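Notes for the one structure printed next.
The values are calculated or read from the model by the stated rules, or taken from the named source; none is laboratory data. Values in this document were obtained by computation on a predicted structure and should not be read as measured data. Virtual Cβ from ideal backbone geometry, glycine too; neighbours counted across all protein chains shown. In case anyone asks, the SASA skips ligands and DNA or RNA and just uses the protein heavy atoms, side chains included. Shrake-Rupley method; radii C 1.70, N 1.55, O 1.52, S 1.80 Å.
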Amino acid sequence: MDVANRLLDADSDHSQFVYVIAAIAALNGLLFGFDVGVISGALLYIDQSFTLSPFMQGLVTSSVLVGAMIGAATGGKLADRFGRRRLTLAGAVVFFVGSFGMALSPTLGWLIVWRVVEGVAVGVASIVGPLYIAETAPSDVRGALGFLQQLMITIGILLAYGVNYLFAPEFLGIIGWRWMLWFGAVPAAVLAIGTYFLPESPRWLVENERVEEARSVLSRIRETDAVDEEIEGIREVSEIEEEGGLSDLLEPWVRPALIVGVGLAIIQQFSGINTIIYYAPTILSNIGFGDIASLAGTIGVGVVNVALTVVAVLLVDRVGRRPLLLVGTAGMTVMLGILGLGFFLPGLSGIVGYVTLGSMFLYVAFYAISLGPVFWLLISEIYPLRIRGTAEGVASVFNWGANFLVGLTFLPLIDRIGEGYSFWILGVFCLLAFVFIYTRVPETMGRSLEEIEADLRSNAIMGPDGDSEVSERQHRSD
Ligand code: BGC
């Protein structure tokens with residue numbers, strides 16, 4: 001049965017409630033995406049209230065990333081300590097307060113402080129959403145449900161583009177940017193209210209010796225007698241393990257998962273997606289499009305990002321994580337090649353301009369079916385239970401750090417060597433990403449989190465199509 005049918009099938013062996021709670025938890029992604037998307041628009045007008053040097057512009061943009069690194073660094077540990085549900089609520093409240101704080105900032109200094117606070121909530125949201133969904137989803141639709149978070153990120157970006165347009169100063173005068181930043185309080189309030197309906201993750205409950213509560217949660221989100229079996233599976237894993245910390249991440253048997261998580265975190269950002277998400281209008285106007293066309297093009301980028309993420313949701317539990325990643329990074333490499341070439345050819349505003357524009361859309365499309373959603377999904381799947389929160393936090397910190405680095409260096413790089421070479425450099429990263437994925441990233445489709453963990457323990461998880469080093473060794477000795 002295909003994924004769409006499975007998701008809609010009321011008679012399948014899990015209750016519809018599991019989809020509702022996944023959708024609520026995925027609102028974490030909406031906060032994340034909104035924050036990413038809103039600042040490019042707001043920045044144009046913040047400049048009119050406070051005079052911004054280029055350095056200050058960078059600081060206003062990237063302060064949220066510093067906060068996000070703090071949120072991601074501590075969020076995993078906090079999720080393990082206080083539970084996924086309470087942390088979701090805390091993150092939503094901080095985001096809500098932060099939105100008001102930014103909107104009411106009397107000085108630039110205050111604005112930056114509140115951006116850091118908001119960033120902490122974004123960092124927390126980036127971890128706790130995928131973690132909660134992975135731990136509550138049945139394994140046959142875990143990929144599709146996990147992708148809901150990324151879908152919400154892309155919808156959040158699009159929402160922010162819309163809000164930027166709506167609150168532009170032509171309509172509201174100079175304070176438009178305050179309304180743009182304030183608007184984040186709306187999805188934050190929806191998430192905070194939504195957490196009322198979220199049960200705690202059964203895996204976290206078992207880990208904290210609250211087995212009866214876990215059983216009652218599972219019986220609400222599964223409709224079969226598989227509940228006992230699932231509890232047993234979680235118990236077995238949690239009994240052999242004590243709660244672990246950062247040092248456990250370096251244990252030899254966990255290391256392959258660490259490398260995959262951190263590797264994909266860096267790759268996702270060095271593939272250059274945010275150079276397009278943040279600077280699409282600038283790039284479009286460099287290609288030769290006018291203001292209105294650049295704005296329409298930017299919204300087009302947002303729409304392509306959402307649409308192809310929907311396609312990915314439908315494919316992930318059918319074709320698997322690896323094929324999506326491989327096709328996506330191959331496609332991104334080619335598209336960056338064409339995009340870069342466009343800047344070396346004369347007549348960017350003619351036919352070359354349209355080919356260049358097309359390659360930019362296709363680049364975003366290939367990202368949206370691969371690195372965008374699969375990174376966040378995999379880091380919620382590949383780590384052992386007792387360090388899952390912490391480990392996901394580490395991958396997320398690297399992701400935000402790489403995001404910060406690319407954001408900071410991309411414009412100066414263009415200044416020095418031009419768009420053409422800059423996009424080609426990103427293309428080389430995508431090619432390296434393809435090789436890394438081919439050799440290192442495991443397929444997790446259709447396996448329970450406990451099976452994935454058992455594979456990791458037996459050193460069987462890494463390599464193409466779950467090819468195990470163990471079985472390779474056996475082959476060699478045969
Ligand atoms: C990335 C963000 C990016 C977004 C674009 C997310 O998965 O982590 O940095 O802005 O995708 O859709």
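Work out how much length residue 51 to residue 236 would gain on full extension: take 0.36 nm times their residue separation and subtract the Cα-Cα distance, in nm to one decimal.
60.7 nm
Whose amide H sits under 5 Å from the amide H of residue 201, counting only residues 5 or more places off or on another chain, with H placed in the peptide plane?
It is 84, 85, by chain and number.
Tell me, rounded to the nearest percent, the portion of alpha carbon pairs in the chain spaced more than 39 Å apart.
Counting every Cα pair in the chain, those more than 39 Å apart make up 20 percent.
Using a 1.4 angstrom probe, figure out how much accessible area the chain has per residue, in square angstrom, rounded to the nearest whole.
Details: 18680 Å² over 478 residues.
Here the residues of the chain average 39 Å² of exposed surface.
For segment 182-325, with all protein chains present and a 1.4 Å probe, just round the carbon and sulfur fraction of the accessible area to a whole percent.
Accessible surface attributable to carbon and sulfur in segment 182-325 totals 61 percent.
To the nearest 0.05, what FRET efficiency results for residue 210 and residue 20 with a Förster distance of 22 Å applied to their C-beta separation? Mind showing how you got there, number by number?
Values: r = 22 Å, r/R0 = 1.01.
It comes to 0.50.
Rounded to the nearest 0.05, what FRET efficiency do residue 193 and residue 286 have when you use their Cβ-Cβ distance and R0 = 45 Å?
Once rounded, the FRET efficiency stands at 0.55.
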